[in-house]
Amino acid sequence: MTTQFDILILGSGPAATRIAEQCAEKFKVAVIDSQQIGGTCALHGCNPKKVLVHAAELADWTRRSKGQLIADDSQARIDWSQLIAFKETFTKPVTPQKTKKFEKKNISIIQGTARFTGLQTIQVDDAELEGEKIVICTGARPATLNIPGEDLLTHSDQFLQTPRLPAEILFIGGGYISFEFAHVAQRAGAAVTVMDHNKRPLSDFEPSLVDRLVKYSRDLGINIILSADVLSLYKNKNRKLEVTVRQNWMEKEYYTDMVVHGAGRVPATEGLDLERAAIEYDETGIKVNQFMQSISNPHVYAAGDVAGTDQPKLTPVANQQGFTVVKNIMEGNQATPDYGVVPRVLFTVPQLASVGMNEDQASEAGYDFEVQDGDMSSWGSLRKVGATCAAYKILIDRQTDQILGAHLLAPDAGETINLFALAMKFRLTATDVKSVLFAFPTSASGIRNML
């Protein structure tokens, strides 16, 4: 027997939650998820990660302030088990709270693995479901590396639940996960290695600032190995993980206690049997039109990391796409996502942030622009907090005086970058922004010096 719904939603993360709760005011809605209700961001991603990052920031701030702001014998030690227990005070309530909220709104919760059986039908274990509209919000999963011993890898969600921090950790990949967790683990006392097959990691960020961050990370003691390909993992008789790597055409072995997968994530479409619903997709995700609707099955929408768009796979983007899907389901296709410019932040210590274009992108787009850049470590606002790694690069269109891109490396870069995003979205000129009397002394007050 087939159970009928107005809307079936696959996933329970930020986009799925927004869609489910708002559509439930008018339609019969079901949320389907094989994992805990709540989604990656709240349970295994942005939010719990930030708890760990705060601990690293506190430890780092104390250590770099010794003999200046605080006494030389001040101690700042991260108790890993205590930190994980504190992190769980944020993650444990998520599922029961969201479940209760769904139930209050008469949203059906179906736990199990979903797969399409037709244009509008889905099978979850033994249950057959049909929806007038189906929204896919399944997010992303760790990319398959296709190497021997892949089952020995620790994924980011598992790292966030590790009760004891190993003495030695190796991160595969040079992206967000590896660098953020590497900075946390190093401040917590682990010997850390980051290994990437690229010549330069963190491809989403301004290269010159990445180079500064890499040097600073190495100075901290993080071993960063570039242009290296991991060939295999093996647990030897001493219960150490043996990692075989090819670098400069030579093979070498590294030994560690934990190997963390930070080599990218891909849209979670595997196992959905999208072909049976005539849903087109590729490596970027489900192909959607400007209304976030499948280009090949008009009954289907997609939002979040599983949607194939030209936007970064970030929570604010997923929320905006979810809002768009709600509007189009409720009122018919008319709404398109208003992304503006999307800032990106790497929560290392210090933080690395970007919004808009870098120099190569601005040149390729044909802009005539000037570059304002410099080292901020000598600025009073940075010296007051003992920061020694801080820099900026701002791109300004010579014809219009508008800001084309802003790139920051500093303790509060993640906050300051939002002011640049605001200015760029509403097309304020560099002169407009520079005319603002920011509160002083604050991190934001340095914006006038950058322009």
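The values are calculated or read from the model by the stated rules, or taken from the named source; none is laboratory data. Because the structure is predicted, anything quoted here is derived from the model rather than measured. Here Cβ is always computed from backbone atoms with ideal geometry, including for glycine, and neighbour counts include all displayed protein chains.
Structure summary
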{"quantity": "Which numbered condition residue 72 fails, given (1) touching a residue at least 40 places away in the same chain (Cβ under 8 Å); (2) outside any strand (DSSP E or B)", "calculated": "(1)"}
{"quantity": "Residue match in the range 178-197 (condition: surrounded by fewer than 24 Cβ atoms within 10 Å (Cβ to Cβ), among the polar types (S, T, N, Q) and over 20 Å from residue 81 (Cβ atoms))", "calculated": "yes"}
{"quantity": "Extreme residue, nearest to residue 340 (Cα to Cα), among residues of the range 275-315 that are part of a loop (DSSP other than H, G, I, E, B) and aliphatic (A, V, I, L, M)", "calculated": "314"}
{"quantity": "When residues of the range 198-216 are limited to those that are in a helix (DSSP H, G or I) and under 20 Å from the mean Cα position of the chain (by Cα), the one surrounded by the most Cβ atoms within 10 Å (Cβ to Cβ)", "calculated": "209"}
{"quantity": "Conditions (1) closer than 30 Å to residue 27 by Cβ; (2) buried (at least 20 other Cβ atoms within 10 Å of the Cβ): number failed by residue 356", "calculated": "(1)"}
{"quantity": "Any hit, the range 56-63, residues being within 23 Å of the chain's Cα centre (by Cα) and surrounded by fewer than 15 Cβ atoms within 10 Å (Cβ to Cβ)", "calculated": "yes"}
{"quantity": "Candidates 235, 215, 240, filtered to the one that is over 30 Å from residue 133 (Cα atoms) and either without any contact (Cβ under 8 Å) to a residue 12 or more places away in the chain or aromatic (Phe, Trp, Tyr) (or both)", "calculated": "215"}
{"quantity": "Residue ranges of helices (runs of 4 or more DSSP H) in the range 373-451 with at least 1 members under 25 Å from the mean Cα position of the chain (by Cα) and without any contact (Cβ under 8 Å) to a residue 40 or more places away in the chain", "calculated": "413-425"}
{"quantity": "Failed item, numbered, when residue 336 is tested on (1) part of a loop (DSSP other than H, G, I, E, B); (2) of a type in the set (S, T, N, Q); (3) modelled with pLDDT under 95", "calculated": "(3)"}
